[in-house]
């Protein structure tokens, strides 16, 4: 586990006094029965590393530590090993039983986290067993300087909120998802199809194109940048097929026609949807478009309140395309800014903007909020690709998601 | 001539009353005897287009018009044709004989130029024949709203200043020299060698790289962007040799080794030296480095006063390299900002910065100022390439300049 590059996995250290319920919390978060769960205090001894997928954030490592308040000779060694874990952690969950109160142990850990600038989430477990008094919540906020999350590992109450809190509080490098690095191998040739006649500023490339070229170079691959008119010519100059073709969505149909069927083809929109969120959930959201019926409530959500143009994508174009796709009118609502409306359960679909003004963690937390409410969510890029019938091919680098789109 | 794309040639319309000396001025500017020169007023009838190179600006068209003040039936037609020329002109030279004074004709032309936002240069010709009274200069400035340039087409006095004024006053699109458009043909493959481990901001490419990619696409060619480590691999994926390789200077030696000898290879520095100035003059300046002797005066000129770092390129590195090249100390002087020192004739060489904060017209006017004074001028990029022995190969797309570097 220590060999895994740190940048690829969020290391979440779980601290807590003996029997606060650390191991059962991990199980609740992951729905797996990996940690030994026991009611005997101090069952967990040396820190235990559990690598797993915390969807939709991605790979995490939970570090399950021994309770720091263990006493005795053996206890001191274990306490030191637990403290050492702070050097490897990207985030700390402090699991507390609200019945036990705040001791020097919790105060000490919160101080260490502040010193190391580690995000600290206080998790009040066993919220099912006894109601948490407001006075205690206020004491946590005042003395540990953080808003606690109330959960019950037993009933799973609040586990969704905790996952969202983990995503929101992840260090900022968790926004730096690679765009294509995991899709290319060293020495690969990636053809980028970049129309220059459409709104591209003179002498420049638009930022997503530059970021993609750079990411390809950063992963020891090669970027063959061409206009859509030259795509066919560029492929014919290569003595092997390109390993991947990435096109601007506006040139997708031409790129589709000119890219051999066995070459993976995708769009900048799809790559950025994946980069800014969770492509699997968004593709599932695209499928939900096919289930929409006239009169269904659809929420169009934008992260910022930008100036709307006459033919605004969220206000005019997407509603028009969705109506055509459904074959009747839909009950559209719009929201912009940091919050969804209260009643999102009522919607049959959320169509979210490309999230250019918010970071990955924020977009993921919105996706999770929709998932919690059981509402399919899709973003503009994936939605438009699906309505225009190009999503299936644009997912060709992600065959497992092509299956999602096909299934049931 | 009318078929030549306007953007490629600066169209300079020459106006003036009959016999002000328009045609002889064109001859003086071009050292050619193309226009019919005569002392009979009104020799030039219909506008005459003369395409030529006005070094170092490049291709221009002089439009030699009939005097607007011609009278009579035939005269009226010619006057209208002359006025029509204003619709094709990028700049207007109004040639005046200071002895004749300002009439309604000059006032009318100046007004038309202001309306059309055409740059107007008032040229007071025959400055050799009679001294121009200060009162008349002031009248030109006040009534025609422009600083006049004093010349004698006969003795060539002031012609250098006029050329500099033409360059400085050219419309801003004359800064938009293509970077590589004239070096590539439709369908060409250009390999760009872009190191990413050196000071390049995370997730970005530096602007010169982006501009070059865009210029390649704008000219229907294809840009294969690779790190220096992948250059050899990229060439081996192509089933024909690349048509051009452009490398970051820092990777030049590796690019030199990995690019087949019959493939033109240059650097971003050389392309930008050409884009921002006059490569032929700068290469001649590089040759002058070989002639430097210990004790010679060298001017290091920077367009802006930037914050100097400890190992500043202009203050420390280039002087060190020049001393090593000469094998002794040199008498360095530095200047920054918009002006050269008064005494530039004393210098054996001017080494100018890359001109990133000034435009092409300004850099060209500085190059011309050095040429007027008979002082070789080179820029940082060309200077460094020459000192490090890579200039010859970096000029491989410009075989005529390779000859300049070899000659005498």
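General observations
- From the options B:287, B:293, residue that is part of a loop (DSSP other than H, G, I, E, B), touching a helix residue (DSSP H, G or I) at 6+ places or on another chain (Cβ under 8 Å) and in the same structural domain as residue B:367 (by TED's automatic domain parsing): B:293
- Here residue A:158 clears all of (1) over 30 Å from residue B:216 (Cα atoms); (2) crowded, with 21+ Cβ neighbours inside 10 Å except the condition numbered (2).
- The set of residues from the range B:257-267 being in a helix (DSSP H, G or I) and more than 14 Å from chain A (Cβ to nearest Cβ) comprises just one member, B:257.
- Filter result for residue A:86 (modelled with pLDDT of 85 or more, touching a strand residue (DSSP E or B) at 6+ places or on another chain (Cβ under 7 Å), surrounded by fewer than 19 Cβ atoms within 10 Å (Cβ to Cβ) and within 18 Å of residue A:123 (Cα to Cα)): yes
- Reported count of residues in the range B:262-283, each being surrounded by fewer than 19 Cβ atoms within 10 Å (Cβ to Cβ) and at pLDDT 95 or above, is 2.
- Flag: residue A:353 matches the condition of being under 30 Å from residue A:59 (Cβ atoms) and in contact with a strand residue (DSSP E or B) (Cβ under 7 Å, 6 or more places away or on another chain).
- Verdict on residue A:302 being without any contact (Cβ under 8 Å) to a residue 24 or more places away in the chain, crowded, with 21+ Cβ neighbours inside 10 Å and either within 14 Å of chain B (Cβ to nearest Cβ) or under 27 Å from residue A:360 (Cβ atoms) (or both): no
- Those residues of the range A:117-131 which are surrounded by fewer than 18 Cβ atoms within 10 Å (Cβ to Cβ) and more than 21 Å from residue A:361 (Cα to Cα), in sequence order: A:128, A:129, A:130, A:131
- Taking the range B:154-256 and the strands (runs of 3 or more DSSP E) fully enclosed by it, the elements with 1 or more residues that are more than 9 Å from every other protein chain (Cβ to nearest Cβ) are at B:189-193, B:244-247.
- Selection from the range A:303-347 of residues that are in a loop (DSSP other than H, G, I, E, B) and closer than 21 Å to residue A:385 by Cα: A:303, A:311, A:312, A:327, A:328, A:329, A:330
- Of the residues making up the range A:83-132, those that are touching a helix residue (DSSP H, G or I) at 6+ places or on another chain (Cβ under 6 Å) and farther than 20 Å from residue A:63 by Cβ are A:98, A:102.
- Among the residues listed as A:360, A:339, the single one being farther than 22 Å from residue A:292 by Cβ, under 21 Å from the mean Cα position of the chain (by Cα) and surrounded by fewer than 20 Cβ atoms within 10 Å (Cβ to Cβ): A:339
- With respect to the conditions (1) modelled with pLDDT of 90 or more; (2) more than 30 Å from the chain's Cα centre (by Cα), residue A:134 lacks only one, and its number is (1).
- In the range B:162-190, the residues that are touching a strand residue (DSSP E or B) at 6+ places or on another chain (Cβ under 8 Å) and without any contact (Cβ under 8 Å) to a residue 60 or more places away in the chain: B:165, B:187, B:188, B:189, B:190
- Subset tally (residues that are assigned to a loop (DSSP other than H, G, I, E, B) and touching a strand residue (DSSP E or B) at 6+ places or on another chain (Cβ under 7 Å)) for the range A:94-149: 8
- Candidates in the range B:56-73 are the residues that are crowded, with 16+ Cβ neighbours inside 10 Å and in a loop (DSSP other than H, G, I, E, B); of these, the one that is modelled with the lowest pLDDT is B:70.
- Hits in the range B:5-20 (condition: at pLDDT below 80 and either surrounded by 17 or more Cβ atoms within 10 Å (Cβ to Cβ) or not in a helix (DSSP H, G or I) (or both)): B:5, B:18, B:19
- Some residue of the range B:212-220 being more than 30 Å from residue B:26 (Cβ to Cβ), touching a helix residue (DSSP H, G or I) at 6+ places or on another chain (Cβ under 6 Å) and at pLDDT 90 or above: no
- Every residue from the range B:133-155 that is crowded, with 20+ Cβ neighbours inside 10 Å and touching a helix residue (DSSP H, G or I) at 6+ places or on another chain (Cβ under 8 Å): B:144, B:148, B:149, B:151, B:153
- Checked against the criteria, residue B:271 does not count as within 10 Å of chain A (Cβ to nearest Cβ), in contact with a helix residue (DSSP H, G or I) (Cβ under 8 Å, 6 or more places away or on another chain) and part of a helix (DSSP H, G or I).
The values are calculated or read from the model by the stated rules, or taken from the named source; none is laboratory data. Since we're looking at a predicted model, the values are computed, not measured. Here the Cβ is made from the backbone with ideal geometry for all residues, glycine too, and neighbour counts use every protein chain on show.
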